[in-house]
Amino acid sequence: MMRTGVVGMVALLLMVYSGHAPQARAEQQNVASWPGKQSEWHGYTRYDFPFAGKKAYVVVPKEVRKGSPWVWRARFPGFHAEADLLLLERGFHIAHLDTGGMLGSDPALDLWDQFYQAMTADHGLSKQVVLEGVSRGGLFVYRWAARHPDRVACLYADTPVCDFKSWPLGQGSGIGSAGVWQTLLKEYQLTEQQALDYKQNPIDVLSPIAAAKIPVLHIVSLNDKVVPPTENTFVLAKRYRELGGKMEIIEVKEGTERSQGHHFTHPDPQRVADFIQRHVEGGQ
């Protein structure tokens, strides 16, 4: 009876360790590989750390998907995060570098180059990243994708700025932002006339992105008075498709009155997550 009990105990211990020890070791490795302050984010572990004078963070999945895929949020990283949560469940990392005030300028993109190098070379994340850009985040994701099309698996943008003459200048039907326009001129080191003549907006830099066959998905609200889709997404979509690029658009009839049409309840985060996962796996 004593021998049976010992055998049973050994079997139980083997079952426990075979089931849980590898996961524990993987979690320890993850903890060791990320610097900074650890906190909880929607049930996942988040690490906040300084990077090149900016704030950055990474949210780590409980089980890392093969290939270590990751999503890079350009701006407003907590907005419409439902798809990110689905992707965390599927083993994606979520990363953010706070360069928001730099509005996608060349110095901002230089910092992005450094961050990408750190995430891939130092932490082993995939060489092809998913870019997500909300609102002014569109300036970042498209300009960086044009700079490094080989590094981008797919691109998802939410009510994105695709031409800074629309926002923040407000040259068309949008409301614009005079203060942000002055900030943009400073960040880009442009005069007013140089900015009007500028040909490196997202709508202008699509050729290398299309040549790399990067899949694109946007979501817009049709009554957006801040970033009107007729001056941004729809212009970009027409040009991208003419270049042979593939692009999908989710159209929401109305954004909220309080946000002047710019915000809304996301109608289909699963479609976004499925789009991203499909194109990440297609690139592996």
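For the reader, a short list of remarks on this structure follows.
- Note on the stretch 86-203: enclosed helices (runs of 4 or more DSSP H) holding 2 or more residues that are buried (at least 22 other Cβ atoms within 10 Å of the Cβ) and of a type in the set (A, V, I, L, M) are 137-147.
- Criterion applied to Asp268, Asp224 was being open to solvent by 40 Å² or more (accessible area, probe 1.4 Å) and either among the acidic types (Asp, Glu) or at pLDDT below 95 (or both), and the one residue passing it is Asp268.
- Selected residue [open to solvent by 60 Å² or more (accessible area, probe 1.4 Å), under 17 Å from the mean Cα position of the chain (by Cα) and not β-branched (Val, Ile, Thr)] from Arg278, Arg241: Arg278
- Taken together, the residues in the stretch 204-231 that are assigned to a helix (DSSP H, G or I) and among the polar types (S, T, N, Q) amount to 1.
- Residue identified as under 26 Å from Val161 (Cα atoms) and either surrounded by fewer than 20 Cβ atoms within 10 Å (Cβ to Cβ) or modelled with pLDDT of 95 or more (or both) among Lys54, Lys62, Lys37, Lys66: Lys54
- In the stretch 146-161, the residues that are among the basic types (Lys, Arg) reach residues that are assigned to a strand (DSSP E or B) and open to solvent by less than 30 Å² (accessible area, probe 1.4 Å) with C-beta atoms within less than 8 angstrom, at least six apart or across chains, in these pairs: Arg151/Val129.
- Single unsatisfied condition, Gly104 versus (1) in contact with a strand residue (DSSP E or B) (Cβ under 8 Å, 6 or more places away or on another chain); (2) within 30 Å of Phe164 (Cβ to Cβ): (1)
The values are calculated or read from the model by the stated rules, or taken from the named source; none is laboratory data. Just so you know, these numbers come straight off a predicted model, no measurement behind them. Quick reminder, even Gly has a Cβ in these numbers, built from the backbone with ideal geometry, and neighbours come from all protein chains shown. When the accessible area is computed, the model is the full protein with side chains, heavy atoms only, and any ligands, DNA or RNA have been set aside. Shrake-Rupley method; radii C 1.70, N 1.55, O 1.52, S 1.80 Å.
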